[in-house]
1. Please give the Cα centre distance for the stretch 87-129 versus the stretch 1-76, rounded to the nearest Å.
2. Roughly speaking, what is the stretch gain from K50 to A110, that is 0.36 nm per residue apart minus the C-alpha to C-alpha distance, in nm to one decimal?
3. For the stretch 1-130, rounded, prolate or oblate, judged on the Cα gyration tensor with a ≥ b ≥ c (square roots of eigenvalues), a/c < 1.5 rounded, else prolate if a/b > b/c?
4. In percent, how large is the relative contact order of the stretch 49-97, given Cα pairs closer than 8 Å and 6 or more residues apart?
Amino acid sequence: MRHRVAHRKLGRITPHRIALLRNLATALFERERIRTTLIKAKELRPYAEKLITLAKREDDRVHAKRQVSRDIRDPKVVTKLFDSLGARYATRPGGYTRILRLGPRRGDGAEMAILELLGSEYQPGKKDEKAGEKGKAASAKEPAEKKSEKPKKAKSKEKAAEK
């Protein structure tokens, strides 16, 4: 019986398992959304949420930053965690992540999932607006380029007809 045994071993020795969780947490905070197996996502969730809780601390911020830096080695990710993510979840008492099940992986049938931070959901309006602005600028440039290309093509056809 597994009484009072808290975590899964994930088929790895302890240092490998710790390194895996650190790397997954770094990727999660950097990208705010990762695709991994369901079991790894379930193990990563409490680990990442404890780091976010440390990032929310206001009383002893230097000590909290040092504690997080033990696990997250990338200084850019630590800065992002404390500046933007800590501020985003300042009023939230917990539950900073969401696990979305994707189904079995094609190669080995492992159950896959997406682990994402709340507030980083896909928002089509923002990307479409940017694409729309780029599309308008590109469409404004295209007619001038097309006009300059048409006479060149016509001249080449005339030369071919003359021969």
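1. 16 Å
2. Contour length minus the Cα-Cα distance gives 18.9 nm.
3. Judged from the Cα gyration tensor, the stretch 1-130 comes out oblate (a/c at least 1.5, b/c at or above a/b).
4. After rounding, I find 48 percent.
Rule-based calculations on the coordinates, nothing more; no lab input. Computed from a predicted model, the values in this text were never measured in an experiment.
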